[in-house]
């Protein structure tokens, strides 16, 4: 079956128009995302014993800083507070309970670090949490977690939250 020149020309024009429409759409999205970069970032929520804790729960989860690459710009926000001054409200949890980190867009790299006490700045990496699932400590106390999530060449985000183990 042979395609006529007119049909081939129509297919070529259609493909070119499709590429132009995609480029315009990406340009519009880029413009909107750079005007409000916070809304373009992936969202983290945490699941505790099968129940999802909404990211909007007051004071529980704090996005400290990020660097995010858009098509033409890079947006950066350095942590605005020192780790000791973070406005974290600890979530009451039981010991050895399962926590799961849920991202709206799956990161390519993930580090989970934990410090004992709210004034501690010595974070230790949890080696068994690279898949985003880990257990709360067995020892009662207050623990601060630092999450470092990376999305390849798109950027990274740094989160903090606190748990009170009973």
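The values are calculated or read from the model by the stated rules, or taken from the named source; none is laboratory data. Just so it is clear, the model here is predicted, and its values are computed rather than measured. Note: ideal-geometry Cβ built from the backbone for every residue, glycine included; neighbour counts use all protein chains shown.
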| said: Quick check on this structure: which one of 115, 149, 78, 64 is under 21 Å from residue 43 (Cβ atoms), in contact with a strand residue (DSSP E or B) (Cβ under 7 Å, 6 or more places away or on another chain), surrounded by 13 or more Cβ atoms within 10 Å (Cβ to Cβ) and modelled with pLDDT under 90? | reply: 64
| said: Can you confirm whether residue 144 is in contact with a strand residue (DSSP E or B) (Cβ under 9 Å, 6 or more places away or on another chain), over 26 Å from residue 74 (Cβ atoms) and in a strand (DSSP E or B)? | reply: yes
| query | Quick check: is even one residue across the range 121-128 crowded, with 20+ Cβ neighbours inside 10 Å, over 15 Å from the mean Cα position of the chain (by Cα) and in contact (Cβ under 8 Å) with a residue 24 or more places away in the chain? | reply | no
| message | For the condition in a loop (DSSP other than H, G, I, E, B) and modelled with pLDDT under 80, what is the one hit in 58, 30, 38? | response | 58
